[in-house]
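Notes to accompany the following structure.
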Amino acid sequence: MLHGKFSIALVAAAFLLLWARPSAAVTKKDGDAPKKPVTVTSDTMEAKTSENVVVFRGNVVAVEDFTLCSDELHIRYGEAKDVSEIEASGNVRIFQDNKTSTSDRALYNRNERTIILTGRPQVKQCTDTVKGDRITVFLDKDNALVESEKGSRVKAVIMPEKSCTDEKKGAEKAISEEARCKGAR
């Protein structure tokens, strides 16, 4: 009889654990967070509907939860007609909080929330700077991976005193997104 009560208790405990645990289909991953709208301004726009691509050219400014400035920008759409990838080229600058990135090209994977910078990439945070041949920025993890090609090396300059005051942040936020893009690379 003790064995029967133990079995019922075990089944009841298993049922409660399964019922209380969120289903794998319902559990959200980092990449499943609600997506913000992408606002793009440029001199021209060309929609290539059959290719699921929209091309923006000239003084491009794209804003999501960061600001991306470039000469040209390609937005690719997935099967659900949502933005899946943004590729920027020419004088690329990205601003987010106290971080500024520059490169010749940037590829933003919206589902993975990564930006891959190539072509003289550099990331500055406050007074610190890092350079390499390829920099991958993980937006949701506030991390980056800096890689060098054969024969070259990664270079980081880490300042002993950080010049990243709240005053500077407040001044940067007061500047319009387009004004930030007009600055020198």
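Rule-based calculations on the coordinates, nothing more; no lab input. Since the model is a prediction, treat every value here as computed from it, not as a measurement. FYI the Cβ positions are ideal-geometry reconstructions off the backbone, even for glycines, and counts take in every protein chain you see.
What list do you get for TYR108, TYR77 if you sort them by fewest beta carbons within 10 Å? All intermediate terms of the calculation are to be shown ahead of the outcome.
Values: TYR108 26, TYR77 15.
By the 10 Å Cβ count, ascending, the order reads TYR77, TYR108.
Annotation note: trypsin sites (Lys or Arg not before Pro) in region 103-144 located in DSSP loop regions with a Cβ neighbour count of at most 15 within 10 Å are LYS141.
Please identify the trypsin sites (Lys or Arg not before Pro) of region 48-95 that satisfy two criteria: DSSP loop assignment and at most 10 other Cβ atoms within 10 Å. Which are they? Could the numbers behind the result be given before it?
On the way: sites: LYS48, ARG57, ARG76, LYS81, ARG93; in loops: LYS81.
The qualifying sites are LYS81.
To the nearest 20 Debye, how big is the dipole of region 36-164 about its Cα centre, given +1 on the beta carbon of each Lys and Arg and -1 on that of each Asp and Glu? Don't skip to the end; give the middle numbers.
Numbers: 19 positive and 21 negative charges, 82 e Å.
Dipole about the Cα centre, nearest 20: 400 debye.
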